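Encoded as structure tokens, the structure appears first; notes follow it.
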Amino acid sequence: MNEYVHVLYIDDYPPDRELVRDALVKEHTHFKLTEATSRIEFEEILKHNSFDIVLSDFNILGFEGLSVIDTVYAKDPSIPVIIVTGTGTEQIAVDAMKRGAYDYVIKTPYHIRRLPATINSTLKRKQLEEENIQAHADLLRKKAEQSVLLNTIDTHIWYLSDFETYGMVNKAHADFFGLNISDIEYKRIGELLPKKTIESNINRNQRVFNNKKEIRTEEILYNCDGEKRLFEITRTPKLDENEIVEFVVCTGIDITERRKAEEELKKYRNHLEEVIEERTNDLRNAQEKLITSERLAVLGRLTGSISHELRNPLAIIDSSAYCLNKTFTDIPNPKAMIYVERIKKQVVRSIA
């Protein structure tokens with residue numbers, strides 16, 4: 001509201017204008033009064049100026065009855081009008097209110113003294129109405145935004161007004177059952193869910209209403225084609241200022257494909273572990289064979305080396321035995337011959 005309350009007052013009777021002027025301007029400092037005495041003057045002033053409120057008599061030269069109200073609202077529907085008249089009857093008051101007037105004041109000294117309070121009350125009422133209109137517009141906008149958001153996502157969302165009655169639902173949830181949103185809202189759960197899932201569903205809902213705590217579960221839901229789908233459902237209670245559950249917000253995410261993928265991944269992981277175990281065993285066996293092969297190779301090389309080291313002295317021993325044997329042929333010595341033969345046999349055995 002401005003610093004001053006700008007008032008436009010139309011009345012063709014000077015004493016009445018003086019009465020209103022005294023009530024507003026002389027006794028109060030925050031009213032700025034502009035007066036008009038005829039329809040032409042009134043319309044000209046209204047056309048080129050802005051006002052917070054309009055005061056008008058019922059009978060004005062040039063106007064027919066309450067048509068002054070129509071003139072004001074044609075210019076600016078937000079300007080409130082108060083009828084101030086000396087010919088007050090109950091019927092005029094009713095007609096004025098029906099026409100759109102905010103209030104009705106009779107031109108008597110007693111009632112005119114209350115005119116400033118009536119104006120202030122009217123302006124306050126107008127302000128509250130504008131705030132309510134704005135709040136309602138904001139609410140409608142938020143609902144529209146919410147509706148667009150809720151109906152363009154894949155997540156299923158529905159409200160429970162009690163543990164077995166649907167409140168609001170979004171398009172994804174309605175489409176799942178092959179229904180329109182209006183076909184589900186405010187219906188009982190038993191009208192939509194299969195009998196085998198109704199009891200468990202109601203029990204979970206009731207637990208949230210009673211315990212006032214969020215729960216998350218995995219549940220089977222059947223779509224309009226009878227197909228079984230696995231959902232992860234979260235139920236969240238919304239409490240009022242007295243900690244009473246007003247409603248429960250449910251969100252459902254179809255995890256059927258995700259669960260199938262997890263099962264396939266689990267199978268693949270198990271298969272991979274089996275392959276790894278098999279390959280590990282093969283590697284272990286190959287390693288053992290390699291170790292054995294290397295050991296045999298080392299042993300072969302060692303044996304060859306030892307054989308080489310032994311053959312040289314054995315060859316010398318064998319040639320020496322041969323020479324001794326030739327000697328004993330020229331000079332017989334039977335006992336020594338026996339030992340020479342033993343030496344030769346052991347040399348042959350060692351070389352072999």
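If you go through the range 260-275 and keep only what is farther than 24 Å from Arg229 by Cβ and open to solvent by 80 Å² or more (accessible area, probe 1.4 Å), you end up with Arg269, His271, Glu273, Glu274. Annotation: of all residues in the range 21-32 being open to solvent by less than 40 Å² (accessible area, probe 1.4 Å) and within 14 Å of Tyr4 (Cα to Cα), the one that is farthest from the chain's Cα centre (by Cα) is Leu24.
Being closer than 30 Å to Lys195 by Cβ and touching a His at 6+ places or on another chain (Cβ under 9 Å) is a condition met by no residue of the range 258-271. Scanning the range 1-20 for residues that are buried (at least 17 other Cβ atoms within 10 Å of the Cβ), modelled with pLDDT under 90 and not hydrophobic (A, V, I, L, M, F, W, C) returns Asp11, Asp12, Asp16, Arg17. Can you tell me how many residues within the range 161-173 are among the aliphatic types (A, V, I, L, M) and surrounded by fewer than 16 Cβ atoms within 10 Å (Cβ to Cβ)? Number satisfying all stated conditions: 0. Quick check on the range 260-277. Is at least one of its residues touching a residue at least 12 places away in the same chain (Cβ under 8 Å) and either within 33 Å of the chain's Cα centre (by Cα) or within 23 Å of Ser200 (Cβ to Cβ) (or both)? No: zero hits. Taking the criterion of being over 22 Å from Ser78 (Cβ atoms) and among the acidic types (Asp, Glu), the residues of the range 1-34 that qualify are Asp11, Asp12, Asp16, Glu18, Asp22, Glu27.
Name the single residue that is surrounded by the fewest Cβ atoms within 10 Å (Cβ to Cβ) among those in the range 174-211 being outside any loop (DSSP other than H, G, I, E, B) and of a type in the set (Phe, Trp, Tyr). Ranking the qualifying residues of the range 174-211, first place goes to Phe209. Applying the condition of being in contact with a strand residue (DSSP E or B) (Cβ under 8 Å, 6 or more places away or on another chain) and among the aromatic types (Phe, Trp, Tyr) to the range 164-208 and asking which residue is nearest to Val248 (Cα to Cα) yields Tyr166. The helices (runs of 4 or more DSSP H) found entirely in the range 1-83 that carry 2 or more residues being farther than 20 Å from Ala101 by Cα are 14-21, 39-48.
Counting the residues of the range 69-115 that are open to solvent by less than 30 Å² (accessible area, probe 1.4 Å), over 13 Å from Ile53 (Cα atoms) and of a type in the set (A, V, I, L, M, F, W, C) gives 5.
Taking the criterion of being part of a loop (DSSP other than H, G, I, E, B) and in contact with a strand residue (DSSP E or B) (Cβ under 8 Å, 6 or more places away or on another chain), the only residue of the range 241-268 that qualifies is Ile255. For Glu214, the conditions (1) open to solvent by less than 60 Å² (accessible area, probe 1.4 Å); (2) touching a residue at least 12 places away in the same chain (Cβ under 8 Å) are fulfilled apart from (1). Does Arg188 count as modelled with pLDDT of 85 or more, more than 24 Å from the chain's Cα centre (by Cα) and not hydroxyl-bearing (Ser, Thr, Tyr)? Yes: the conditions hold for Arg188. Selection of the range 185-229 for residues being touching an Asp or Glu at 6+ places or on another chain (Cβ under 7 Å), of a type in the set (A, V, I, L, M, F, W, C) and under 16 Å from Val169 (Cβ atoms) yields only Ile189. If only residues of the range 150-180 that are without any contact (Cβ under 8 Å) to a residue 24 or more places away in the chain and of a type in the set (A, V, I, L, M) are counted, the one that is nearest to Leu239 (Cα to Cα) is Met168.
The values are calculated or read from the model by the stated rules, or taken from the named source; none is laboratory data. Note that the structure is predicted; figures quoted are calculated from it, not measured. Using ideal geometry, Cβ is built from the backbone for each residue, glycine included, and neighbour counts are taken over all protein chains shown. Protein only, heavy atoms only, side chains kept; ligands, DNA and RNA dropped before computing areas. Shrake-Rupley method; radii C 1.70, N 1.55, O 1.52, S 1.80 Å.
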